[in-house]
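The values are calculated or read from the model by the stated rules, or taken from the named source; none is laboratory data. The model shown is predicted, which means the values in this text are computed figures rather than measured ones. Don't worry about glycine lacking a Cβ; one is built from the backbone with ideal geometry, like all the others, and counts go over all protein chains shown.
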Amino acid sequence: MTIKPTYEELEKRVKELEQEVTKRKQAEEDPQESEERFRLAFENANDGVCLVDTDGNLVIVNNRMCEIFGYSKKELESMTENDITHPDDRHISPKFIKKSITGEAENAVFEKQYFHKQGHIIWGQISSSIIKDKKGDPLCFISHIQDISQRKQAEKALQESEEWLSSVFRAAPIGIGVVIDRMFSKINSRLCEITGYSEEELTGQSSRMLYPSDEEYEYVGREKYKQIRDHGIGTVETLWKRKNGHIVNILLSSTPMDLDDLSKGVTFTALDITNRKQAEEEKRKALEFAAEQSKHALIGQVAGKMAHDFNNVLMGIMGNAQLAMMNCDDEKTKKKLERINEFSERGRDITNTLISFSKDQEPKQTYFKIEDRMELALKMLEKELTGIQVSRNYKPGIPKLLADPGMTQDVLVNLVLNSIHAMSKVENPTLTLKAYSQDDKIYCEIEDNGCGIPKEHQASIFTPSFTLKGSHDKTASYKLGIKGTGFGMSNVKKYIVEKHKGDISLESEVGKGTRVTIALRIIKDHLSSDEKKEVVKSKIYDKRSILLVEDEPAIADVQYQILTQEPFSHIVSIAANGQMAIDIFDRNKFDIVSLDYMLPGNINGLDVYNHIREKDKNIPVMFISGNIAFLESMKELKEKDPNLEHLSKPV
């Protein structure tokens, strides 16, 4: 018996059939839609896309491939993959194809160089996968190509920039480094040279290790980071302590890698400015010295005028005293006259010392005992010698020294003061002074047991502006506050060697002391009997006609009396001013002229001299003057005129 389906069952079955028919229709339509969607995606992809067969032929390419390579679709689809690949990279794709066919790889990502149609190189990043049939056999490859030419150019530029910066970093003549939280993370070789540390010794260490004190380290940190916050860069002059302990001056400049985040690090440069700072210090000292010299020059001008006037007074006193002694038979009176003459000579020495200190001129030589000058130097430095044991060893029978007493005193004071400074840190300071004569020289030694002078500096000790004191005291040999100009020892050499044709030597050892020896020639202060006979033979007593030009009546009177009395008996004419001297010279014949430089009126001694030389080239002229400015010009005059001489007042 057949059961008929209900209406509901029939309706349900109809719907199922409709759904099945719909699915079948959709199944027939989907391949076409799917193929269209694939075509649209293929053609409009942002990357170049192509199908490549297992032989490397370009089967299908999209529009982007054409844009990247500059070819049309027809052109590309007639080419192989190798046709557009740079020769250096033609091995890459065949290698992947081989591995894909053998099953070693199904996809790969790599970079290659290609040629554009116009000939320039294109960099591409390729992502390639193999497509297999239902049996699993390779059909072709689908590859996505991104044009990364700009990225590669940027990478190349970045690499070149990094290489350039790296070469600058290595070869820079200044120290360069990077610190993170003031810890060294990177440093160049020049920084190692400046500090004396190796790269390994510095890397990872705090920069505090280079500063001589916590105060200096903290000051640099405060100042540098304040400037960075305000201006983006910080520049500070500071001190670094090298590995060997030496202190160097450093110009430090810093800038952050990220101004908003200092924790990323700070790049810095370090320039060793030690030599520059020393040069600046030497320049400052030289300027100070020049200023002092300028003051001395002014003092010299005043001193010259004073010396001229004072020497005129002294000459009158000495001349009259000597004349009185010649005619005095009373011993008491004669002794008093001798005392007057002695005090006048001391006044002359004081005047000449003042002049020698205030003006660079030829030595005013006189005879004196070197022992007396050494004792005077000790007396002048009596306060500074407190606490120092002084030992003296003056050999008997030392002849008198013919030298400039002022210059000699300056030398001795300089040497003793240097010894005092050198012993400032010695527990039992001892100063030893020696004087003796040997062969034809007088020797003076000043020795101390102070810090000594390093061997490498001994050759420079007499160089102007060179000093080991103050800021140049790298070994802390002197007490704080002791400074040096660098000109004291240069003056010692100048006075002894240049001015007096003497010798100076130095012996020194670090930690043991220094000995300086000066040697000056012995020049006798009296004639032997044989020499006296030669003087008589020279007939210096022959009567001569002399023109005496002197404006001071007292001096003129003394000279007149000496020259006109026995045994000389010269004929002397006196002129009190320049015009009178010219008039007398033009009317008379003279054998010699004694001429003062400073004369009243508009005509001075040099004007008279020039007039005389116009009339007579050979007559001997003797200038007698103490004027400082004139003494400077005498050197040149004497070189040109062999018949010109000079005596300083008082004679």
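Where strands (runs of 3 or more DSSP E) sit wholly within the range 133-200, those with at least 2 residues that are within 30 Å of Thr85 (Cα to Cα) occupy 138-147. Residues that are among the polar types (S, T, N, Q), part of a helix (DSSP H, G or I) and in contact with a Pro (Cβ under 8 Å, 6 or more places away or on another chain) were ranked within the range 323-380; the one that is modelled with the highest pLDDT is Ser344.
So that you can scan it fast, the table gives a plain yes or no per residue for (1) surrounded by 13 or more Cβ atoms within 10 Å (Cβ to Cβ); (2) modelled with pLDDT under 90; (3) in the same structural domain as Ser254 (by TED's automatic domain parsing); (4) not hydrophobic (A, V, I, L, M, F, W, C):
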position	(1), (2), (3), (4)
Ala157	no, yes, no, no
Trp164	no, yes, no, no
Ser167	no, yes, no, yes
Ile187	yes, yes, yes, no
Cys192	yes, no, yes, no
Pro212	yes, no, yes, yes
Gly221	yes, no, yes, yes
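Return yes or no: is Ile121 assigned by TED's automatic domain parsing to the domain that holds Arg90, in contact with a strand residue (DSSP E or B) (Cβ under 6 Å, 6 or more places away or on another chain) and either of a type in the set (Lys, Arg) or exposed (fewer than 15 other Cβ atoms within 10 Å of the Cβ) (or both)? Yes, satisfied. Among the conditions (1) among the β-branched types (Val, Ile, Thr); (2) within 21 Å of Asp272 (Cα to Cα); (3) out of contact with any helix residue (DSSP H, G or I) (no Cβ under 6 Å at 6 or more places or on another chain), Ile228 misses just one, which is (2). Condition first: within 23 Å of Met634 (Cβ to Cβ), in a loop (DSSP other than H, G, I, E, B) and modelled with pLDDT under 90. Can you find one or more residues in the range 551-566 that meet it? Within the range 551-566 (the criterion being within 23 Å of Met634 (Cβ to Cβ), in a loop (DSSP other than H, G, I, E, B) and modelled with pLDDT under 90), the answer is yes, since at least one residue qualifies.
Here the range 266-305 is the region considered, the condition is being modelled with pLDDT of 80 or more and of a type in the set (S, T, N, Q), and the residue that is farthest from Pro600 (Cα to Cα) is Thr267.
Listed by position, the strands (runs of 3 or more DSSP E) enclosed by the range 204-275 that each have at least 1 residues that are touching a residue at least 60 places away in the same chain (Cβ under 8 Å) are 247-256, 266-272. Residues of the range 85-134 that are of a type in the set (Val, Ile, Thr) and within 22 Å of Asp47 (Cβ to Cβ): Thr85, Ile92, Ile97, Val109, Ile121, Ile122, Ile126, Ile130, Ile131.
Against the list (1) in a loop (DSSP other than H, G, I, E, B); (2) surrounded by fewer than 18 Cβ atoms within 10 Å (Cβ to Cβ); (3) of a type outside the set (Asp, Glu), the condition Tyr71 fails is (2). For the range 543-570, a residue qualifies if it is farther than 26 Å from Asn341 by Cα and surrounded by 15 or more Cβ atoms within 10 Å (Cβ to Cβ), and the qualifying residues are Arg544, Ile546, Leu547. Every condition in (1) assigned to a strand (DSSP E or B); (2) surrounded by 18 or more Cβ atoms within 10 Å (Cβ to Cβ) holds for Ser129 except the one numbered (2). Of a type in the set (Val, Ile, Thr), in a helix (DSSP H, G or I) and more than 58 Å from the chain's Cα centre (by Cα), is that true of Ile97? Yes: the conditions hold for Ile97.
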